[in-house]
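Trainee: Take a look at this one; I'll ask things after.
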Amino acid sequence: MNEIEIQFELNGETRGAGVAPELLLADFLRRDLGLKGTKTSCEVEVCGSCTVLLDGRPVSACTTLAHEVNGRSLTTIEGLGNDDALDPVQEAFWEEGGFECGFCTPGMILAARALLDENPDPSEEDIKAALDGNICRCTGYLSIIRSVNRAAALLRGRETPAPRPLDERRLDGAAKVRGEPVYTADLTHPGMLYGRVLRSPHAHARILGIDTSAAESHPGVVAVLTVADLADIAHYHGPLVKDTPVLATDKVRYEGDAVAAVAAETLEAATAALTLIRVEYEPLPALMTMDEALDPDAPPIHESVSDDAPSFPGYPRVDDEAKKYANVSFHYERGKGDVDEGFAASERVFEHTFDFPKIAHYSMEPQLAVAEWREDGFTVWASTQHQFIVRNELAEMFGVPRESARVVVPLVGGTYGNKNHTKLEPLAVALSRKAGRRVFLHLSLEEESRIVSKPAARVRLRTGVDRDGKLVARDCLVHVDGGAYSDSGPRVTQKAGYRAPGPYRIPHLRSHAYTVYTNTVPAGAFRGMGTPQVVWAYESQMDIIAREMGWDPVEFRLKNLLDKGEEFAPGETLLDTDLKEGLLRAAREIGWGQELEPDCGIGVACGCKDGGGNFKISSARVEMDDAGGITLHEGTIEIGQGSHTAMARIAAQELGVRPTAVHVASLDTDSTPFDMGTYASSATTVMGLAVQKAARAVRDQLVETARSMGKSPDAAATLANGEVRLAEIAFPFSALVRHVKGAGGVITGEGRQVSERDPDAPLGAKAPFWEVGWGAAKVHVDRDTGDVRVLKYVGIADAGKAINPQQCHTQEQGAFLQGLGQALFEETVYENGLMLTPDALTYRLPKISDLPDEQVNILFENGNGAGPYGAKGLGESGILPVPSAIANAVDQAVGVRITDLPITGEKIWRALRK
Amino acid sequence: MRPFHYRAPRSLDEALALLTPQAVPLAGGTDLFLKMERRQTQADTVVDLKRIPELGRIEAADGGVRIGALALMDSLGASSLIAGQYEALTRSARVVGSIQTRNRATLGGNLANASPAADTATPLMALGASAEAADATGTRQVPVDQLFLGPGRTALRDGELLTAVLVPALPARAGSAFQRCVRTAMDIALVNCAAFVRLDGDDPDTVAEARIALGAVGPTPLRTASAENCLTGARLDERVVEEAGECAASDAQPIDDVRAGADYRREMVRVLTRRAIWKAFRRARGEA
């Protein structure tokens, strides 16, 4: 249809264009004008990531038509600042670390800019009101509020704060506050194909036939992929159980299961072609809940899963217990003592069951993959946490040597476990292979919620106590709803079962955990890997027991918490943190024991997990060139957690240079040394040690060379300012490199850190460290509506030693807010086999207005970590205690105990009515 | 999005001529484009009303205020003609969506979509407002409480356009309030309630006139006659307000689904109605 001629002002310059009436502003900016600073995420005008300013007012480009800018002035993130200087708002966000993954950042900065243009001195309430339409899933918003306050000060020009030195800022900040195209989502180029996926509308159905002829002849379509195209590859993948097909074979197992895919010249053509594929289904009964799936008469969702599928190192095979059930893919157990004897010896035995619902990860950058098949191999650009694992699995599936399979990982626009292991990559490769062209596999956020979820879990705890308030026995039964395919569900189950007893001294204990197949979205890793689900249970029950027995909940915990240096399980790393210190601090900060206002309550909780992964292998390489330039090659993926900055700081510390002097190389399996992946809060500890070793290897060569040049083999050496100093003589790095390697030469240092396998360790290898989170909440409950308002929250984490304190706080604050969402409102809901909450309109994400009135964040830095300088991992810790601390506070406030999350007003209202 | 023809008339007459059955009017577009993306609306022509200047105005009229159908939610929330007078309307306009939405969403769009949960509908009903509808033959007024026929259905005839909303002058000793309760879903009210109260000239504790409207608890936003009757002529006290809340709750027709039980929604009607009445009452007395 007719194009509309428009003229408008774009970032201060007059522009003209002809646009189709239906062209969305976001597509116009990103695709036609190549302005990729406008990030699109939810596509339903909720998340604000595509915010632009139209005549100075924030609007969402995802639901605005391009021609609506006609005659108006449009500002995008590219219009802020210039080549020489950032806009003060961008500067402030960088200084205060008001971002993590950065995907929401351009929209957030523009919304903040519009606020400050109108209101130069906003209150915190004004800031919350102005930014309530901009979702950030990473930071927990506190650093954003700080950034806006700083921006306001900079713009007012009075009381100008001293600039934060570049060496104290995140290294990825400039690119992110400018909205540079640093993500896989930005890798669209003219000439590439767009891929889209046809998904099952049924929860469970047999596929009787697929007719792709109409789709194939649709204009612009280059390839339509069905399972028939995959006969020559190893079709199933999965990190633990290889039960996930690239495309559904004989049947679909959940609403959203991939059935076919299209590659076309345009996204529109690919989308249109999807509607032309005819699939004939025979619906089958759907097992939507674990109860249905565990029913003895339930039919199997997977008729057969190969027993000899390769398993993860140390990961036990499906055992006889699992085989008793039609829909259990994995079973784990541990125990000590005799639980029945323990219960017999107990004063009281308590039994409670706690439910945790399915949760959507909702990283702002959806799952994406770009693939290019060549005759001799392929390249994949992926938004993933596991570049080498993905590469190896893809190579195996497609029968390509590993060295010919290349995975490139740009910055990742957020992941909380959802981008771990292989997800869309095989489909992208298969589509490119058939189309013979590079394919950008596009997923909408609505599809994202159908790729993976945080598993629902049901945790039954039976706990025996003696009359002195000591735990005697605990029996844990954990069922994890793994959804239709295993993904990381079994590993989550193993971790949940292992950690379910909690960090308490319990003589008799038993824990069984099962992964259950259901006809719902596959469930896998989510921040904490099964731990939030079990902490929710055991920390709720600790309070219930204390209340019933008339004990103080803090005292009761103190009596039973493991001591520092005590054993969590035989063969495991001894507890490396003082749990009591943290609990007492949290209790003090929240005002434990103080008199409370009516309908207010306080609650505490603490949780811990064996941190850092079990079999992690990390390697790093530091190169110094003959100008003294330093490049760090390491495989930790910058997912927003700040790993580039942390690793650069470690290398810089060892080499006596400023962090900004260390260039962190982009990540490419062709050149990056091997790393197992970015997960389990492991990077700072495990990769940190590898980086430290690599930097030290370079340092040692420099020192040795300097001593040899200075003919003083025993002289004490210091490294600073790009020089090795021996007493009075300074040797510039450049001279040392040239001396050893000649002009153009490079000194290289390598470092490797391996978590050794240990047959005596409970999970096959000792944990590198313990990750611990303490929390305390003060809430008010509205008795009429049941609404819970968190008035104050105290979060404490054990950093060991904070490499980047600003970022450690942001990680913990972000974890807290995810915990708050999961405590109070987040939930993936199904009805009649269909997901009711697939998008940001229907799934409630935490907004800036959900923040408590007051928040205290504390980092313990006792140098007790196994990583460089005593550092240890955090970031998962902050989510662990949140739901139970809030539930415990609600119970104190109004005497209502909620055992199934989320703690909605309706549930409280119902309980109050009883 | 499916391709369509685009028209941007400069006058109302021109717009009315373009609104054939194959055409759909475009106001803010916040709902329309989502419907078009999801293929819930099949139109081959979009008639953009934003270039018609008079439709965007908010102006004093007949002692009250005339709000053009294309007035933005943000303008509505900030308008000094509305704030301080029609508090229920101001509050509701300020909670519609996010700031990004309020910068594009219009009052006319919010009403013409006929969502049972439309936030501005209940305040307008409580304030006794009328919608102005125009077609080629002329204009007519439809009281807002008769505008909605069902989810997505209004009393507008084919070819007729919602052009403005007329809010009558606020009488002396009157006040209004808006309350809503949001659960689970992002910005959609689980229940909303607007109350209008006018007090007796001789006795500032006695209600001379009351209108209570409820949102999201029926196929359309609805007035609760029994609650209004209960208040009218009564001296306001805890008991009367409690009774009005009960009446409102029994007039509500909430659904029962996985998001919330009907009994809870009904209870929220009771709670919000009570709170809205008290707020409106205090405003009518000039206390808030």
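The values are calculated or read from the model by the stated rules, or taken from the named source; none is laboratory data. Not measured: the values here are computed from a predicted model. Reconstructed Cβ throughout: ideal geometry from the backbone, glycine too, with neighbour counts over all protein chains shown. The protein model used for the area step is the full one, side chains on, heavy atoms only, and it has no ligands, DNA or RNA in it. Shrake-Rupley method; radii C 1.70, N 1.55, O 1.52, S 1.80 Å.
Trainee: Pairs of alpha-carbon atoms within less than 8 angstrom and 6+ residues apart define the contacts here; what relative contact order does chain A have, in percent?
Mentor: Working: 2391 pairs, mean separation 114.0, N = 914.
Relative contact order comes out at 12 percent.
Trainee: Sticking with this structure for a sec: Total Å² of accessible surface buried at the B-A contact, 1.4 Å probe, nearest 100? Walk me through the numbers on the way to the answer.
Mentor: Values: alone 13080 and 31750 Å², together 40900 Å².
Rounded to the nearest hundred, the buried surface is 3900 Å².
Trainee: Beyond 20 Å, what share of the Cα-Cα pairs of region A:617-754 is found? Please give it as a whole percent. Can you show the working numbers first?
Mentor: Numbers: 4036 of 9453 pairs.
Within region A:617-754, distances greater than 20 Å cover 43 percent of Cα pairs.
Trainee: With +1 on each Lys and Arg Cβ and -1 on each Asp and Glu Cβ, and nothing else charged, work out how big the dipole of the protein assembly as shown is about its Cα centre, in Debye to the nearest 20. Display every interim value, and only then the final one.
Mentor: Working: 128 positive and 165 negative charges, 143 e Å.
Magnitude of the dipole: close to 680 debye.
Trainee: Write out the GluC sites (Glu not before Pro) in region A:109-185 meeting two conditions: DSSP loop, and at most 15 other Cβ atoms within 10 Å of their Cβ. Write out the running numbers ahead of the final one.
Mentor: Numbers: sites: A:GLU118, A:GLU124, A:GLU125, A:GLU159, A:GLU168; in loops: A:GLU159.
Here the sparse-neighbourhood loop sites are A:GLU159.
Trainee: Using only the alpha-carbon atoms, what does region A:4-79 span along each of its principal axes? Please give whole angstrom values in decreasing order.
Mentor: 29, 24, 20
Trainee: Which helices of chain A meet both criteria: a Cα extent of 27 Å or more along the helical axis and a mean Kyte-Doolittle score no lower than 1.0, with helices taken as whole DSSP H segments? Don't jump to the answer; show the numbers that get you there.
Mentor: On the way: long enough: A:688-709 (31 Å, -0.10); A:805-824 (28 Å, -0.54).
Span-like helices here: none at all.
Trainee: What share of Cα pairs, in percent, lie more than 18 angstrom apart in region B:82-171?
Mentor: Values: 1717 of 4005 pairs.
That tail contains 43 percent of the Cα-Cα pairs.
Trainee: Then there is this: Just want to confirm a number: the relative contact order over chain B, from Cα pairs under 8 angstrom separated by 6+ residues, in percent.
Mentor: Values: 682 pairs, mean separation 43.8, N = 288.
15 percent.
Trainee: Next question, about the same structure. Averaged over B:4-11, how many beta carbons belonging to a partner chain fall within 10 Å of each residue's beta carbon?
Mentor: Values: counts 4, 4, 10, 1, 5, 0, 0, 0.
Partner-chain Cβ atoms within 10 Å, mean over residues of B:4-11: 3.
Trainee: I want to check the label-to-label distance for A:ARG467 and B:ASP44. Put each point 7 Å from Cα in the C-beta direction and report it in nm to one decimal.
Mentor: 8.8 nm
Trainee: For region B:74-173, which whole-number percentage of the solvent-accessible area (1.4 Å probe, protein heavy atoms only) is attributable to carbon and sulfur atoms?
Mentor: Working: 1660 of 3460 Å².
On region B:74-173, the fraction of accessible area on carbon and sulfur atoms equals 48 percent.
Trainee: What are the semi-axes of the equivalent ellipsoid of region A:614-684, taken as the square roots of 5 times the eigenvalues of the Cα gyration tensor, listed largest first and rounded to whole Å? Spell out each step's value before the answer.
Mentor: Working: eigenvalues 87, 37, 21 Å².
Over the Cα atoms of region A:614-684, the ellipsoid semi-axes are 21, 14, 10 Å.
Trainee: From the C-alpha gyration tensor of region A:453-564, pull out the three semi-axes of the equivalent ellipsoid (sqrt of 5λ each), sorted largest to smallest, in whole Å.
Mentor: They are 29, 12, 12 Å, listed from largest to smallest.
Trainee: Something else now. Per residue of A:900-913, count partner chain C-beta atoms within 10 Å of its C-beta, then hand back the mean as an integer.
Mentor: Neighbouring Cβ atoms belonging to other protein chains average 3 per residue here.
Trainee: Identify, among A:VAL400, A:VAL69, A:GLY744, the residue whose Cα sits farthest towards the positive end of the charge dipole of chain A, taking +1 on the Cβ of Lys and Arg and -1 on the Cβ of Asp and Glu, with the dipole about the Cα centre.
Mentor: Of the listed residues, the answer is A:GLY744.
Trainee: Taking every residue in B:28-41, how many Cβ atoms of other protein chains lie within 10 Å of its Cβ, on average? Present the calculation step by step, with values, prior to reporting the outcome.
Mentor: On the way: counts 4, 6, 6, 2, 2, 8, 7, 0, 1, 8, 2, 1, 0, 0.
Per residue, the number of nearby Cβ atoms from other chains is 3 on average.
Trainee: Also: Reported to two decimal places, what Rg/Rh ratio describes chain B when computed on Cα atoms with Rh from the Kirkwood expression?
Mentor: On the way: Rg = 18.9 Å, Rh = 19.2 Å.
In chain B, Rg relative to Rh is 0.98.
Trainee: Could you work out the Rg to Rh ratio of region A:88-180, with Rh taken as the Kirkwood radius (inverse of the mean 1/r over all Cα pairs)? It would help to have the intermediate numbers written out before the result.
Mentor: Values: Rg = 12.0 Å, Rh = 12.9 Å.
When Rh is taken as the Kirkwood radius, the ratio is 0.93.
Trainee: Along its three principal axes, how long is region B:209-267 when you only count alpha carbons? Whole Å, largest extent first please.
Mentor: Principal extents (largest minus smallest coordinate, Cα): 40, 21, 11 Å.
Trainee: Taking the convex hull of the alpha carbon atoms in region B:183-284, what volume per residue do you get, in Å³? Write down the numbers at each step before the final one.
Mentor: Details: hull volume 8.5 nm³, N = 102.
Value for region B:183-284: 83 Å³ per residue.
Trainee: I've got another one for you. At B:ARG235 and A:HIS302, where each label point lies 7 Å from the Cα along Cα→Cβ, what is the point-to-point distance in nanometres?
Mentor: Calculated label separation equals 7.4 nm.
Trainee: Further, regarding this structure: For a quick protection proxy, order the peptides A:790-799, A:470-479 by their average other-Cβ count within 10 Å, most packed first.
Mentor: Ranking the peptides A:790-799, A:470-479 by packing returns A:790-799, A:470-479.
Trainee: Starting from the alpha-carbon convex hull of region A:827-913, give the projected area averaged over all orientations, in nm². Spell out each step's value before the answer.
Mentor: Details: hull surface 38.3 nm².
Result: 9.6 nm².
Trainee: In addition: What is the dipole size for region A:88-180, taken about its Cα centre, with +1 at each Lys and Arg Cβ and -1 at each Asp and Glu Cβ, in debye to the nearest 20?
Mentor: 180 debye
Trainee: Take the Cα gyration tensor of chain A, multiply each eigenvalue by 5, square-root it, and list the three semi-axes largest first, rounded to whole angstrom.
Mentor: Values: eigenvalues 307, 262, 194 Å².
Sorted largest first and rounded, they come to 39, 36, 31 Å.
Trainee: May I ask you to list, by number, the DSSP H helices of chain B whose Cα span along the axis is at least 18 Å and whose average Kyte-Doolittle hydropathy reaches -1.0 or more?
Mentor: Qualifying helices, which must be both long enough and hydrophobic enough, are B:238-251, B:262-284.
Trainee: Skip the ligands, DNA and RNA, and give the accessible area per residue of region A:804-914 with a 1.4 Å probe, whole Å². Can you show the working numbers first?
Mentor: Numbers: 2930 Å² over 111 residues.
Per-residue value: 26 Å².
Trainee: So, one more: Beyond 17 Å, how much of the Cα-Cα pair distribution for region A:343-421 remains, as a whole percent? Spell out each step's value before the answer.
Mentor: Numbers: 1791 of 3081 pairs.
I get 58 percent for the Cα pairs in region A:343-421 exceeding 17 Å.
Trainee: Between A:ASP250 and A:GLU567, what FRET efficiency follows from the Cβ-Cβ distance if R0 is 45 Å, with the result rounded to 0.05? Could the numbers behind the result be given before it?
Mentor: Details: r = 49 Å, r/R0 = 1.08.
The calculated FRET efficiency here is 0.40.
Trainee: Give me the 1.4 Å probe accessible area per residue for region A:453-579, excluding ligands and nucleic acids, in Å². It would help to have the intermediate numbers written out before the result.
Mentor: Working: 2800 Å² over 127 residues.
Ligands and nucleic acids excluded, the result is 22 Å² per residue.
Trainee: How large is log10 of I(q)/I(0) for region B:6-97 at q = 0.11, 0.12, 0.15 Å⁻¹ when the intensity is taken from the Debye formula with one equal scatterer per alpha-carbon?
Mentor: Each listed q corresponds, in turn, to -0.40, -0.47, -0.69.
Trainee: Over region B:183-284, calculate the relative contact order: mean separation of alpha carbon pairs under 8 Å at least 6 apart, over the residue count, as a percent.
Mentor: Values: 183 pairs, mean separation 29.2, N = 102.
After rounding, I find 29 percent.
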